[in-house]
Amino acid sequence: MRVAEALSEIRRRRLYREFYVSFADYVRTEFALALSSANSIINSFDLAQGLIADGVKLPRDITPTAVRPLAMLSEFRRVTDELLAICAKLESLAVSVDNLGFESDPAYTGRIG
C-alpha cells in the first residue's frame, strides 16, 4: 500500500508536473501503468483508509488487489446505516401514531384501510 499511498500523494499534489504534462504520462512512463490501473490502485488505498477510519483492522501488508473486494463491505455498511436511520424514523412515527389515542375510539380496529 506504500506505492498506492505515494501515487495518491503525487496525483493529489500534482508532483508529476515538474517533468510530465499529465498524471497519465507520469504513470505510463515511470511505472508502465495505464491511467485506469493507477487510479484503481489509488482508489484501493482510499478505500483502505476509509475502512481503517471506520475501525476495520487491516493487515499491514495488505495489497491494493486484496482491498478491492472490501469495497462491497464499505457499500454494505453505508446501506445498513441508511436502513437503520429509516427504521429509527419509522419507529418514531409509530410511537407518534400510537399517541394519537385511536385505541379509545370504539370504531378503531387497528387496521389501516
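All other residues with a Cβ under 11 Å from the Cβ of Arg12 taken together, and with Lys, Arg as +1 and Asp, Glu as -1, what is their net charge? Intermediate results must be reported in sequence, preceding the final value.
Details: positive: Arg11, Arg13, Arg14; negative: Glu5, Glu9, Asp46.
Net charge around Arg12: 0.
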**OP:** Starting from region 14-94, pick out the chymotrypsin sites (Phe, Trp or Tyr not before Pro) whose DSSP state is loop and whose Cβ has at most 10 other Cβ atoms within 10 Å.
**Re:** Phe19
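Do any trypsin sites (Lys or Arg not before Pro) in region 1-78 lie in a DSSP loop with no more than 12 other beta carbon atoms within 10 Å, and if so, which?
Values: sites: Arg2, Arg11, Arg12, Arg13, Arg14, Arg17, Arg28, Lys57, Arg60, Arg77, Arg78; in loops: Arg14, Lys57, Arg60.
Filter output for region 1-78: Arg14, Lys57, Arg60.
Specify whether the C-alpha gyration tensor of region 2-104 places it in the rounded, prolate or oblate class, a ≥ b ≥ c being the square roots of the eigenvalues: rounded for a/c under 1.5, otherwise prolate if a/b is larger than b/c and oblate if not.
On the way: a/c = 4.52, a/b = 3.08, b/c = 1.47.
Since a/c reaches 1.5 and a/b is larger than b/c, the shape of region 2-104 is classed as prolate.
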Original post:
Which of Gly55, Ser36, Met72 sits farthest toward the positive end of the charge dipole of region 2-104, with +1 on the Cβ of Lys and Arg and -1 on the Cβ of Asp and Glu?
Top reply: Ser36
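All of the numbers you see were taken from the coordinates with simple rules; none came from a lab. Here the structure is a predicted model, which is why all the values come from computation and not from measurement. Note: ideal-geometry Cβ built from the backbone for every residue, glycine included; neighbour counts use all protein chains shown.
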